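Down below is the structure, laid out as structure tokens.
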Amino acid sequence: MNALRRARLYHLHHRTYTEDLPFWVDAASRYAPPLLELGCGTGRVFHALRDAGFAPLGVDISFEMLAVLKEQQPAKGAPVPVFQGDARSLGVAAASLGLVILPCNTFSTFEPRERAALLGEIRRVLRPGGGFVFSAPNPLVLWEAAPQGALRPEMTLPLPNGGEMEVSSAWEREGARFTIRWVYEAEGMRCEWATTHLLEPPETTLKALRAAGFEIAALHGDFEGGDFEPSALYLVVEARKC
């Protein structure tokens, strides 16, 4: 299965997740533009922001993901402002952005050294008082998970041109790393996606933000504005450039 086909199946799966979309729209409403989404992927959050009347910029390291994002635009629509690149070296002018977001639990996939470079670059491109908002799975909850979760069916989704895709998932926790694996089976083909999250105490994450020159403006455990607590599903952080 080629990489573009694989990215289309990824999009078909992840576009079913919508509970966080109002949160990102609300975040965009509270900061002056421009807005940049890091790791915009196939456009799940990016297009929700555009539909809400915002004009986000987007960057992703995957050419195939961006190709799927662009496929969702009308044939005669204006080109979408997304580019392929590394979030740790954006090539964007210093102090030029009002808000940077990193949805989809991507922040915790960066190793400490990579994260330091990421935070330094985000701070560089933000104006003073600009916002950095991201979500991550709550590491305290994942630490309590069993060492392994067997592959289990998750959902069945219709394919655009007929037929169905079966989605299954499994996980493995090894030390401070938690890997979730999705398996897609469609039209007699099978492919996998795997994402590894670094499990570190929330305070370690907040300390890294402060060390990089951010202040913590809000800390939530869900996308409805609930307070963060040890049993929360997520760690959702809003930080501002000092």
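Coordinate-derived values only; no laboratory data. Note that the structure is predicted; figures quoted are calculated from it, not measured. Positions of Cβ are generated from backbone atoms using ideal geometry, with glycine treated the same way; all protein chains shown enter the neighbour counts.
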Task: Inter-probe distance in nm under a simple model that places probes 7 Å from Cα toward Cβ, at Thr196 and Asn161 - done: 3.6 nm
Open item on the list: Rg/Rh for region 141-197 to two decimals, with Rh computed the Kirkwood way over all alpha-carbon pairs.
Closed with: 1.09
TODO: Give the label of the value calculated from the structure for Cα extents along the principal axes in Å, choosing from (1) 89, 32, 30; (2) 53, 50, 31; (3) 60, 39, 33.
DONE: (2)
- [ ] Could you check the simple spin-label distance between Leu140 and Ser29, using points 7 Å along Cα→Cβ, in nm with one decimal?
- [x] 3.0 nm
Open item on the list: I want to check the label-to-label distance for Met189 and Ala93. Put each point 7 Å from Cα in the C-beta direction and report it in nm to one decimal.
Closed with: 4.3 nm
Task: Gain in span if fully extended, Ile61 to Arg5, counting 0.36 nm per residue against the direct Cα distance - done: 18.5 nm
Task: Relative contact order for region 141-197, counting Cα pairs under 8 Å that sit 6 or more residues apart, in percent - done: 27 percent
Task: Relative contact order [Cα under 8 Å, 6+ residues apart], the chain, whole percent - done: 17 percent
- [ ] Using packing as a proxy for protection, rank 202-208, 34-40, 168-174 so that the peptide with the highest average count of other Cβ atoms within 10 Å comes first.
- [x] 34-40, 168-174, 202-208
Task: Linear extension gain, Glu111 paired with Gln73, 0.36 nm per residue minus alpha-carbon span - done: 10.3 nm
